[in-house]
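*Asks:* The following block contains the structure, expressed as structure tokens.
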Amino acid sequence: MSTIKKRVRKTRFIITSAMKSYLYIVISIVLLTCTETASAQCRSHIQDQGNNNAFEVTLTFNDFDNGALQTCYCTIAGNSGNLNCPNSCGYSVPGMDYMTITFTDGSGNNCLYDNNGNLIMPLAIELLSFTANFNNCEVQLLWQTASETNNDFFTIEKTNNMVTFETVAIIKSDGNSTSIRNYSFIDSKPYNGLSYYRLKQTDNNGKSTYSDYRIVSVNKKVNFTFNVFPNPTNSENLNMTIKSNKGQEITLMINDVAGRKVYSTLITPSDSDEINIDIASQIKLSSGMYMVSATSQETVKSKVIVIR
């Protein structure tokens, strides 16, 4: 699926000859794998037969809440591998303006792909629900299974760019069960902004499958903090720590006892973590007392330091 591209001003998606064999793998071998993982959703004989036979397919592009953005009724030519869709089909594969694609054959059998063309295979366990909710600066992850067979563990993964994924937690499962099981985990360090969580299930044989994504919007507000250490100190050892919201401009200034400015710089943190600034490497202060101030928007924090 990831090799399908939309040709401008034509009524079809074209698969190049170099990509043709890959499409057949996606449509035949991958769909067979999907069938073997306890789903009759995917028809294994959808494949190129080396003749002029064509089969009908439907591409449904879904948003983050699994709502259909657009449905395209297409055909795949058996002799060329060309996927022909109407001009009205406004999406391309892959793409970032949708979350998943439902690929359906003429008999109603279907498989789900992500927006990079990767097959989202059904979980080996029977998953009743999976939610991710932001509350009190944390993301609470809850999932519930109706049954489990040879299940080993769950992995919670997150991403904010749909390219790199971070492991949030690995949770040991109950193994085998025919009754409802509840699981939970709290991500205390979520990404700021939009992020996507998915559930990875691994069985006792090491085989893994994924759930679809849950989207979370986080707007973390960080209290502006400022500190200078050590104090008293010498001109060779002077540090400052600052914590503020990402992108919040902060002006650092050092004045002597007469009010004259001896140092000034502008800092814009790239994230909301605490940052450390080695002032001694930027300026050598002579012995005496100084006023150090940090100004962020309408907030001003000041410290008196003594240089020996």
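The values are calculated or read from the model by the stated rules, or taken from the named source; none is laboratory data. Note that the structure is a prediction, hence the values are computed from the model and not measured. Glycine also receives a Cβ, built like all others from the backbone with ideal geometry; neighbour counts cover every protein chain displayed.
*Asks:* All but one of (1) in contact with a strand residue (DSSP E or B) (Cβ under 8 Å, 6 or more places away or on another chain); (2) in contact (Cβ under 8 Å) with a residue 24 or more places away in the chain; (3) more than 30 Å from Gln248 (Cα to Cα); (4) not assigned by TED's automatic domain parsing to the domain that holds Ala54 hold for Ile186; state the number of the condition that does not hold.
*Replies:* (3)
*Asks:* Based on this model, can you work out whether Ser302 counts as more than 19 Å from Lys243 (Cβ to Cβ) and either outside the structural domain of Leu238 (by TED's automatic domain parsing) or of a type in the set (S, T, N, Q) (or both)?
*Replies:* Taking the combined requirement at face value, the residue does not satisfy it.
*Asks:* If you don't mind, another one. Out of Ser179, Ser184, report the one residue that is within 24 Å of Asn219 (Cβ to Cβ) and either out of contact with any His (no Cβ under 7 Å at 6 or more places or on another chain) or not hydroxyl-bearing (Ser, Thr, Tyr) (or both).
*Replies:* On inspection, the qualifying residue turns out to be Ser184.
*Asks:* Of all the residues that make up region 167-201, how many are assigned to a loop (DSSP other than H, G, I, E, B) and among the aliphatic types (A, V, I, L, M)?
*Replies:* Result for region 167-201: 1.
*Asks:* Okay, moving on. Kindly establish whether Ile275 is outside the structural domain of Gln144 (by TED's automatic domain parsing) and closer than 24 Å to Glu166 by Cβ.
*Replies:* For Ile275, the condition - outside the structural domain of Gln144 (by TED's automatic domain parsing) and closer than 24 Å to Glu166 by Cβ - is met.
*Asks:* Right, something else. Within region 210-220, count every residue that is at pLDDT 85 or above and part of a strand (DSSP E or B).
*Replies:* Matching residues across region 210-220 total 5.
*Asks:* If you don't mind, another one. Here's a check for you: in region 54-72, which residue that is in contact with a Gly (Cβ under 9 Å, 6 or more places away or on another chain) and surrounded by 13 or more Cβ atoms within 10 Å (Cβ to Cβ) is farthest from Asn116 (Cα to Cα)?
*Replies:* If we take residues in region 54-72 being in contact with a Gly (Cβ under 9 Å, 6 or more places away or on another chain) and surrounded by 13 or more Cβ atoms within 10 Å (Cβ to Cβ), then Ala54 is farthest from Asn116 (Cα to Cα).
*Asks:* Of all residues in region 237-254, how many are within 10 Å of Ala294 (Cβ to Cβ) and surrounded by 16 or more Cβ atoms within 10 Å (Cβ to Cβ)?
*Replies:* Qualifying residue count, region 237-254: 6.
*Asks:* Can you tell me which of (1) more than 30 Å from Ser244 (Cβ to Cβ); (2) at pLDDT 90 or above is the one Val139 doesn't meet?
*Replies:* Among (1) more than 30 Å from Ser244 (Cβ to Cβ); (2) at pLDDT 90 or above, the lone unmet condition for Val139 is (1).
*Asks:* If you go through region 266-292 one residue at a time, how many are part of a helix (DSSP H, G or I), surrounded by 11 or more Cβ atoms within 10 Å (Cβ to Cβ) and of a type in the set (Gly, Ala, Ser)?
*Replies:* Qualifying residue count, region 266-292: 1.
*Asks:* Among the candidates Thr241, Thr295, which residue alone is within 30 Å of Asn161 (Cα to Cα) and either assigned to a loop (DSSP other than H, G, I, E, B) or outside the structural domain of Phe134 (by TED's automatic domain parsing) (or both)?
*Replies:* After ruling out the rest, the residue left standing is Thr241.
*Asks:* Please state which one of Asn133, Asn223, Asn205 is touching a residue at least 60 places away in the same chain (Cβ under 8 Å) and surrounded by fewer than 13 Cβ atoms within 10 Å (Cβ to Cβ).
*Replies:* Just one listed residue meets the conditions, Asn133.
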